[in-house]
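I have placed the structure first, in the form of structure tokens, so that the comments after it can refer back to it.
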Amino acid sequence: MKNNLRTLEILHYVYGAFEALGALVIFIVFNTMGGFLQSDFVAQQSGEAAPAVVGSVMGAMGWAIALFVLFFAVLNIISARNIGKRKGRVFSMVVAGIDCLSFPLGTALGVFTLIELSKEDVKQLYSGE
């Protein structure tokens with residue numbers, strides 16, 4: 001039982017780190033594309049410059065999507081910490097349910113988390129008995 005919870009804790013940390021890395025990649029890609037669309041190279045190739053708002057919109061989308069993904073990364077890291085401290089079982093189950101929407105890794109982690117945290121002996125650990 002304790003080995004499964006320790007494994008679950010580590011997996012949530014790793015998944016949170018992957019999500020944070022994904023948020024960084026999304027941010028870089030969208031902002032690079034926004035800068036590229038405003039560059040002189042695009043203006044020379046197409047014969048006219050793209051509207052300035054196009055690059056700004058790409059940058060804003062990059063920020064918004066990256067912050068959205070980063071929010072879920074932080075939720076997973078908090079869940080991992082709670083699993084390690086044996087508190088916040090319901091919070092970790094809610095995060096696991098959200099993770100199930102992210103196929104395939106998030107689904108596997110979410111299902112594994114829900115199964116583990118639903119066991120009676122784990123419930124007793126969380127309640128302090």
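The values are calculated or read from the model by the stated rules, or taken from the named source; none is laboratory data. All of these numbers come straight from a predicted model, not from anything done at the bench. In this analysis, Cβ positions are derived from the backbone assuming ideal geometry, glycine residues included, and neighbour counts consider all displayed protein chains.
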Seminar exercise, completed: In the set Leu70, Leu24, Leu75, the lone residue that is of a type outside the set (Asp, Glu), crowded, with 19+ Cβ neighbours inside 10 Å, at pLDDT 95 or above and part of a helix (DSSP H, G or I) is Leu75
Seminar exercise, completed: Checked region 66-108 for anything touching a residue at least 40 places away in the same chain (Cβ under 8 Å), over 19 Å from Val14 (Cβ atoms) and touching a helix residue (DSSP H, G or I) at 6+ places or on another chain (Cβ under 7 Å); matches are Ala66, Arg86
Exercise. Within region 98-115, can you find the residues that are in contact with a Ser or Thr (Cβ under 9 Å, 6 or more places away or on another chain), of a type outside the set (A, V, I, L, M) and in a helix (DSSP H, G or I)?
Worked result: Asp99, Gly110, Phe112, Thr113
